[in-house]
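Before I ask anything, let me first share the structure, which is written out below as structure tokens.
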Amino acid sequence: MSTPYDDATLAAALHDHSRPSFLAIRTASRIQRPVVLVIALLASALTVPFGFAQKVELSVDTSRTGAKIDRNIFGQFAEHLGHGIYDGIWVGPDSKISNTRGIRNDVVAALKAIKVPNVRWPGGCFADEYHWRNGIGPADKRAVTLNPNWGGVTESNNFGTHEFMDFLDQIGADAYVSVNVGSGTPREASEWLEYLTTAQPTTLAKERAANGHLAPYKVAMLGLGNESWDCGGNMTPDYYLSQMKIYSRFVRNFHPAQQDKQQMLKIAVGPGGAEPRWTDWTEAIMKAYQQHTWSWDIQGLSLHSYTVGHGWPPSYASVGFGETEYAQILKSTLDMDALIAKHSAIMDKYDPDKKVALFVDEWGGWYAPLPGSNPGFLVQQNSLRDAILAALNLNIFARHGDRVRGANIAQMINVLQALILTDKEKMVLTPTYYVYKMYLPFHDATLIPVTFNAGWYTHGDVALPRVDAIAAKDADGKFWLEITNLDPNEPVEIEAKFTGITAKAASGTTLTAARVDSVNTFDTPNTLLPKPIAAQVQSGKLTLKLEPKSVTVVSLE
Ligand code: AHR
């Protein structure tokens, strides 16, 4: 098979952290885009006999292992925004919608099925205007406040600390709590953590017990502000640092079982892009971290990056689009790899032992609001394009697993790239939800480097790797392969050689649909569902045919 790039490029790519070759193509495509595009077009013309599937050979050396794929990269984000919390999670105990203590049973069952590792809450921009005391105590006594960030609507505060913790308990996830650095005080945040976590009979612990929870709660992750360079207070790096150190010092977790600092990761606000403004921010935080003392510390740095396409404000439609918008959005989302590499390199300078994790705690496709919806509610549909976008990003996070140990898709329900959509009593699972379900075997699995010539898919002036793939070994020693076919028109024949094991059989599932903008709706919820895919193993080689525009996960027996 001819390939659109030379062996030296491939060798360099393989040498470079054993990343798949498409990453080298992407780097090249950013540097010499027109040249690469011409080569890619020629290569496609030469290598795609009409009506025949492309063939892509993958090689997986099972004796080589990469970093752990931290289950926290499958984290979720739920902000008080539009119908993300109210209607999406919380319907109240008196609702006709089936619920447990006010929390929707259908949503809980769906989230349990994908083993959500953690949920980041209460924001987002909302977090820096949230005052936790408004959200505790009898519901009818809670202050009604405003949500100026998101539509200017009233906030009932019916979903507060206890409801969030109950929700997490019901779905089996850890708490990632973002404290208010922008308009709160260190005292307010430290009292919230004492209220949540102390087992000692303090006044705050007694108040927690009086509000229904005698035992202390656990908090696994603590966000020290949100986007403090923008909606979180428009701070300079130096100003944020001085605030962050104070919060890091005084906002303590008192839970007896969480006294090791690794048991509650403090996550500082990190960058929101690739430009010098953002690299300066990472430099400032990490330089300070290098000189941190016993009295303050961080274990994580956040990174926010949305796939918007042509810049701000988001203008791409989330449904009713064609191949051009499909190709452009996927090209744009692949920038996540270079973005992580850029900030990781800065972090490596100051933290070569990689003690500080990078948490991509807001990411996903952000499109134009659905016509007729409240623009402040960030309502959009979720298509096959989003499923592919999710798979590509999860693979990028997995390949950067030595540094990226957490990620939270924005957002879990009814907002932006949601996994679940609800409308009163109705609920529908989106294509993105099914990707998370298919990726369950990758939770805490060990990455195994995969090498392959991705080939090209081209459309207009966009050239994309035809396929992407990751492999991993789970805790039971079973091997898993994920392969995404980005090409919306051509199937791909996969031939995967696994050295070091003698596989006898393989089975798997695939997710695809008729069109790049196919969606699940309340009336047609099963348009996109993972279905079994035929895979053969002969002489240790796995072969399978990927449908165009598909996400596939296969296990080897
Ligand atoms: O997810 C929506 C918003 O995007 C969040 O509130 C904010 O942190 C980001 O700008």
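Let me check against my output: what whole-number percent is the relative contact order of the range 251-407, with C-alpha pairs under 8 Å and at least 6 apart? Each step should come with its number before you reach the end.
On the way: 201 pairs, mean separation 41.4, N = 157.
That works out to 26 percent.
Additional query: Using a 1.4 Å probe, what is the accessible area per residue for the chain, in Å²?
Numbers: 21460 Å² over 557 residues.
It amounts to 39 Å² per residue over the chain.
R0 = 41 Å: FRET efficiency of Ser98 with Gln259, Cβ-based, nearest 0.05? Don't skip to the answer; put the middle values down first.
Values: r = 39 Å, r/R0 = 0.96.
Once rounded, the FRET efficiency stands at 0.55.
With only alpha-carbon atoms counted, please give the Rg and Dmax of the chain, in Å.
When restricted to Cα atoms, the chain yields Rg and Dmax of 23.4, 75 Å.
Note the angle between two axes, namely the Cα long axis of helix 186-197 and the longest principal axis of the Cα atoms of the chain, as a number of degrees from 0 to 90, rounded to the nearest 10.
80
Please provide three numbers in whole Å: the alpha-carbon extents of the range 213-359 along the principal axes, with the largest listed first.
Projected onto its principal axes, the Cα set of the range 213-359 covers 54, 40, 30 Å.
For the range 390-544, with only Lys/Arg (+1) and Asp/Glu (-1) charged at the beta-carbon, what is the dipole magnitude about the Cα centre, in debye rounded to 20? Spell out each step's value before the answer.
On the way: 14 positive and 15 negative charges, 79 e Å.
For this selection, approximately 380 debye.
Here's another thing I want to ask about it. From the alpha carbon gyration tensor of the range 69-196, can you work out the equivalent ellipsoid semi-axes (sqrt of 5 times each eigenvalue) and give them in Å, largest to smallest?
On the way: eigenvalues 97, 71, 38 Å².
Each semi-axis is √(5λ); the values are 22, 19, 14 Å.
Still on this structure, please answer the following. Express in nm, to one decimal, how much length is gained between Glu188 and His131 on full extension, taking 0.36 nm for each residue of separation and deducting their alpha carbon distance. Don't jump to the answer; show the numbers that get you there.
Numbers: separation 57, 0.36 × 57 = 20.52 nm, distance 0.79 nm.
Result for the pair: 19.7 nm of gain on full extension.
Express the carbon and sulfur contribution to the solvent-accessible surface of the chain as a percent, rounded to the nearest whole number, probe 1.4 angstrom. Kindly include the intermediate steps, with their values, before the conclusion.
Values: 11590 of 21460 Å².
That share works out to 54 percent.
State the antiparallel share, in %, of DSSP beta bridges confined to the range 82-223, rounding to the nearest 5. Write out the running numbers ahead of the final one.
Details: 6 of 14 bridges.
Counting DSSP beta bridges with both partners in the range 82-223, the antiparallel share is about 45 percent.
Kindly work out what percent of the DSSP beta bridges joining two residues of the chain are antiparallel, to the nearest 5. Let's see the in-between values first.
Details: 55 of 95 bridges.
The antiparallel proportion sits near 60 percent.
Quote the relative contact order of the chain in percent (integer), defining contacts as alpha-carbon pairs under 8 Å separated by 6+ residues.
On the way: 1244 pairs, mean separation 108.9, N = 557.
Relative contact order for the chain comes out at 20 percent.
Given the Cα-Cα distance of Trp312 and Leu370 and 0.36 nm per residue of separation, how much length would full extension add, in nm? All intermediate terms of the calculation are to be shown ahead of the outcome.
Details: separation 58, 0.36 × 58 = 20.88 nm, distance 1.64 nm.
So the chain would gain 19.2 nm between Trp312 and Leu370.
While we're on this one: Sort Glu482, Glu163, Glu557 by accessible area with a 1.4 Å probe, largest first.
Values: Glu482 0, Glu163 30, Glu557 110 Å².
Heavy-atom accessible area, descending, gives Glu557, Glu163, Glu482.
Please list 113-124, 489-500 highest first by mean number of surrounding beta-carbon atoms within 10 Å per residue.
On the way: 113-124: 23.6, 489-500: 17.7.
Going by the mean number of other Cβ atoms within 10 Å, highest first, we get 113-124, 489-500.
Charges at C-beta only: +1 for Lys and Arg, -1 for Asp and Glu. How large is the resulting dipole of the chain about its Cα centre, in Debye rounded to 20?
Working: 50 positive and 57 negative charges, 169 e Å.
The dipole of the chain has a size of about 800 debye.
Under a Cβ-only charge scheme (Lys and Arg +1, Asp and Glu -1), can you give me the dipole magnitude of the range 157-292 about the Cα centre, in debye to the nearest 20? Could you put the intermediate results ahead of the total?
Working: 11 positive and 15 negative charges, 96 e Å.
Once rounded to the nearest 20, the dipole reads 460 debye.
The values are calculated or read from the model by the stated rules, or taken from the named source; none is laboratory data. Since this is a predicted model, take the numbers as computed values, not measurements. Using ideal geometry, Cβ is built from the backbone for each residue, glycine included, and neighbour counts are taken over all protein chains shown. Protein only, heavy atoms only, side chains kept; ligands, DNA and RNA dropped before computing areas. Shrake-Rupley method; radii C 1.70, N 1.55, O 1.52, S 1.80 Å.
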